[in-house]
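One structure is given here, and the rest of the page talks about it.
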């Protein structure tokens, strides 16, 4: 019973905590014989009393900090239990405990409903923001990660992992966005300078036209050859000046054009880097394999492509054998190293068109496009053999890593969840058959 109380406390399962309290009352305290004066019976009853008092006064009252009246009632009941002795009546305590459990259940339901409503509202907001963005926007990656996180069960580990990933991505995107802003500012300044230059050319050309008109009038009024020579020299001098200015403007135009092209290439490069950085949120940070989001996007693309062309598409589920024992023997660092080792070996053995994604703690899924069920099974077996040949060296100790695998061929129009479910069942059949095996789904 103490284990159930501790588990409910750790999970924040208020209804379960209430049920465990009621069972504790019914199974132990109420069954104590009032006339039993044996020391052994008293000792057990007193131990149970202290356990219940600790659960009420410490654990439960801490959980009820947001409900002060319930926390106070839990403390009051704990104090009342301190003075209880075998043989004393329990009816009043039982009624108060049952009422407290009932109120905890109601508050838990309200809190759960409020959390679901807030998460639904947040998801709706993210969905609307995503629809306003271009599908190629680097923001889509962050939005997808948060939406995927809030759609499943929330735990501290997954939230911290998503938070750390997004912080790294946001930092890199900030640097890249600053580079884009600087390039765009430089482009604007070049365009302003060029427009100013064009305006100056227009002014000079207008003045030149006016002066040429004046020269035409002066030539008509000239009475001697020397006068005509002086006018011709002036015309040639002004023409040379305009020509020099035009040549300088042309050189500036060509230089500005090159600078604009360089700026455009720089902006395109930075924007591509932004998209690449956003792509980090589609990878598992521990192993470098795809995460669920990345796998789902790749599956959709490959499913559409292979179905259009009539090519096969296979999925394989892998689960590392005896991973819990590996963790206990070599610690979490050893377990993490085994996960990374599996992905590294898979990437070296599989084709470049294949992909590996991490689906759970020690579960991986392979996507094998353009492969029949026999070819896909052979590829998974090759991966098993490669893992057997390339044992993991962790802290100067060789660690043998193996897995059980299930392979499924996607049927026409079959959904992702369905083909993965068939591969998963085949994988569990491989586990049951002795582990380190590969079985094909029907």
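The values are calculated or read from the model by the stated rules, or taken from the named source; none is laboratory data. Just so you know, these numbers come straight off a predicted model, no measurement behind them. When we count neighbours, we look across all protein chains shown, and the Cβ atoms used for this are built from the backbone with ideal geometry, even at glycine.
Evaluate segment 372-384: report whether one residue or more is under 19 Å from residue 292 (Cβ atoms) and surrounded by fewer than 14 Cβ atoms within 10 Å (Cβ to Cβ). No, segment 372-384 contains no residue that is under 19 Å from residue 292 (Cβ atoms) and surrounded by fewer than 14 Cβ atoms within 10 Å (Cβ to Cβ). Surrounded by fewer than 20 Cβ atoms within 10 Å (Cβ to Cβ) and in a loop (DSSP other than H, G, I, E, B) - does that describe any residue in segment 387-394? Yes - at least one qualifying residue is present in segment 387-394.
Mind counting the residues in segment 285-301 that are surrounded by 20 or more Cβ atoms within 10 Å (Cβ to Cβ) and in a helix (DSSP H, G or I)?
3
Annotation note: of 380, 343, the sole residue that is within 22 Å of the chain's Cα centre (by Cα) and assigned to a helix (DSSP H, G or I) is 343. Test residue 398 against the stated conditions and say whether it is under 26 Å from residue 302 (Cβ atoms) and assigned by TED's automatic domain parsing to the domain that holds residue 299. Here the answer is no, as residue 398 does not meet what is asked.
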